[in-house]
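Below is one structure, written out as structure tokens; the observations come after it.
The values are calculated or read from the model by the stated rules, or taken from the named source; none is laboratory data. From a predicted model like this one, the values you see are computed outputs, not experimental measurements. Here Cβ is always computed from backbone atoms with ideal geometry, including for glycine, and neighbour counts include all displayed protein chains. SASA here: full protein model, heavy atoms, side chains in, ligands and nucleic acids out. Shrake-Rupley method; radii C 1.70, N 1.55, O 1.52, S 1.80 Å.
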Amino acid sequence: MNQYIICKMRGAIYSVLLEDGRAVEIHCDSEESKSALGNIYVGRIRDIAKNIGAAFVEIASGTVCYLPLEDIRNPVYVKKGSSAKPQQGDELLVQVSREAMKTKYPSVTTNLTLHGKYLLLTTGNTQINASAKLAKAEKQRLISLVKELEPEPAPEPAGARRYGWLIRTNAMGADRAILQKDMVRLLTSYESLIRGGTHRTSGSCVLSGPQRWLSRLSDLYESAAEQLVTDDEEIYHDIKNYLSVYQPEDLPKLILSTDAMQPLYKRYSLERQLEEALSERVWLKSGGYLVIQPTEALTVIDVNTGKYEGSQKNRQKAFFKINCEAAHEAARQIRLRNLSGIILIDFINMDAPEDNKELLEELDHLLRQDPVRSTLVDMTKLSLVEITRMKKEKPLAAQVYS
């Protein structure tokens with residue numbers, strides 16, 4: 001059974017996705033702070049650095065963000081200078097697309113995206129598209145349905161731009177009524193955003209999303225969670241209110257655990273699972289182990305034979321077995337620790353090309369199950385497997401220790 005656990009632990013709110021009692025995702029959020037990720041601001045272009053193809057946008061006093069110039073499509077301007085191109089002093093609506101990481105500025109985009117459970121409304125792409133994870137026939141059905149449901153274009157307020165739709169994986173099997181409800185809510189938010197945002201002053205937060213641990217609930221379908229469990233009454237009521245507005249169909253999944261003798265973090269050994277997710281070494285059932293070492297530029301995962309005691313005669317079979325087990329655990333750890341960017345896996349060298357081919361195919365299959373876009377690039381000449389994974393949030397270690 002897949003369970004989504006939200007509880008207080010170590011002075012923070014932890015959201016943990018369990019598959020048969022084993023964590024595959026852990027998120028840590030401060031009880032006080034709210035993430036700016038997804039917030040929409042009236043930003044002011046402070047500088048334009050043509051040599052790196054970027055603008056630096058101030059969204060609040062002292063908060064400067066990175067905006068790629070090539071990303072400026074269909075911008076919604078609040079205040080525009082005389083030049084048709086973006087220039088210093090222009091004010092426009094921007095959305096935080098990536099949090100600050102170490103020495104890097106937060107990133108913003110002019111592609112404003114409003115999230116629903118089944119649909120995304122986006123101003124950067126005016127087409128109707130569907131998730132690549134949906135089957136072809138289901139894509140066609142849903143795209144046709146969205147086209148039918150979309151209202152006739154009406155005169156838009158000054159400064160407004162057209163929008164498009166992205167149908168989420170969550171929409172698989174969704175009927176007309178469910179999609180229409182999601183669409184109406186997003187269109188109402190969009191119209192309010194454009195009308196209000198274009199009359200706000202520089203540095204204003206035009207749209208602030210719910211707390212991060214609440215907004216993740218929109219991924220309940222994709223995580224296949226059958227239960228949503230908490231043992232905190234305040235958290236329970238916050239979740240209930242959120243689901244009542246945005247995802248009423250998920251309300252039956254919500255459970256308040258009232259066992260005061262056994263809090264959730266003890267019942268599911270969450271502290272132990274967290275420590276394992278922060279540990280450098282991860283043991284495999286075969287006796288082998290992984291060493292996971294994040295660096296400034298990339299993350300390296302080294303596969304070792306460890307305590308495995310197989311015969312020399314069947315060495316290559318043993319290496320293949322350990323590598324396959326390591327591929328499963330590496331895919332889990334990448335998701336669990338929320339590793340992103342470039343990831344290199346140094347598997348144990350194998351002589352047979354067909355073994356390498358089968359290993360890569362299995363790893364590629366495992367990565368495709370990750371809700372965050374992950375790509376197996378190839379195996380290098382040095383037998384290192386290269387993976388890239390989209391950056392969305394800070395890695396787990398940074399969330400816990402920040």
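Taking every Cα-Cα distance in segment 255-386 and sorting them into 5 Å bins starting at zero, the pair-distance distribution P(r) comes out as 2, 9, 18, 20, 18, 12, 8, 5, 4, 2, 1, 0 percent.
Surface exposure of segment 175-234, expressed per residue as accessible area with a 1.4 Å probe, stands at 48 Å². Summary: within the chain, the longest segment free of trypsin sites (Lys or Arg not before Pro) located in DSSP loops with at most 10 other C-beta atoms within 10 Å is 163-284.
Along the axis of the charge dipole computed for the chain (Cβ charges of +1 for Lys and Arg, -1 for Asp and Glu, origin at the Cα centre), the listed residues 111, 290, 135 are led at the positive end by 111. Working note: Cα gyration tensor of segment 1-125, eigenvalues times five, square-rooted, sorted largest first, giving semi-axes of 35, 17, 12 Å. Per residue, the accessible area of segment 1-159 comes to 48 Å² when a 1.4 Å probe rolls over the protein heavy atoms.
Taking the Cα centre of segment 112-214 as reference, the dipole from Cβ charges on Lys and Arg (+1) and Asp and Glu (-1) amounts to some 320 debye. In plain terms, the bigger the Kirkwood radius, the slower the diffusion; for the chain, with that radius from Cα pairs, at 37 °C and 0.692 mPa s, Stokes-Einstein puts D at 140 µm²/s.
Proximity of backbone amide H atoms, modeled 1.01 Å from N, is registered between residue 98 and 107 at under 5 Å, excluding neighbours fewer than 5 places apart on the same chain.
Would you mind working out the accessible area per residue for segment 295-402, using a 1.4 Å probe, and quoting it in Å²?
Details: 5900 Å² over 108 residues.
Ligands and nucleic acids excluded, the figure is 55 Å² per residue.
Quick check for me: using +1 on Lys/Arg Cβ and -1 on Asp/Glu Cβ, what's the dipole size of segment 273-402 about its Cα centre, in debye to the nearest 20? Before the final figure, lay out each step's value.
Details: 18 positive and 20 negative charges, 44 e Å.
With Lys and Arg at +1 and Asp and Glu at -1, about 220 debye.
What separates the Cα centres of segment 211-263 and segment 87-157 is a distance of 26 Å.
Of all the accessible heavy-atom surface of the chain, with the other protein chains kept in place and a 1.4 Å probe, what percent is carbon and sulfur? Carbon plus sulfur share of accessible area: 50 percent.
Over the chain, DSSP H runs of length four or greater, each weighted -39,500 (n - 2.57), average out per residue to a 222 nm ellipticity of -8500 deg cm²/dmol. Remark: C-alpha extents of segment 77-220 on the principal axes read 47, 42, 24 Å, sorted largest to smallest. Cα-based values for segment 54-118, radius of gyration first and Dmax second, are 12.5, 40 Å.
Taking the Cα centre of the chain as the origin, how large is its charge dipole in debye, to the nearest 20, when only Lys and Arg (+1) and Asp and Glu (-1) carry charge on their Cβ atoms? Present the calculation step by step, with values, prior to reporting the outcome.
Values: 53 positive and 53 negative charges, 188 e Å.
So the magnitude is around 900 debye.
Normalised by the number of residues in the chain, the mean separation of alpha-carbon contacts (under 8 Å, six or more apart) gives a relative contact order of 15 percent. Along segment 287-302 the Karplus relation, 6.51 cos²θ - 1.76 cosθ + 1.60 evaluated at θ = phi - 60°, assigns HN-Hα couplings of x, x, 7, 9, 10, 10, 10, x, 10, 4, 9, 7, 10, 10, 10, 9 Hz to successive residues, with x for each Gly and Pro.
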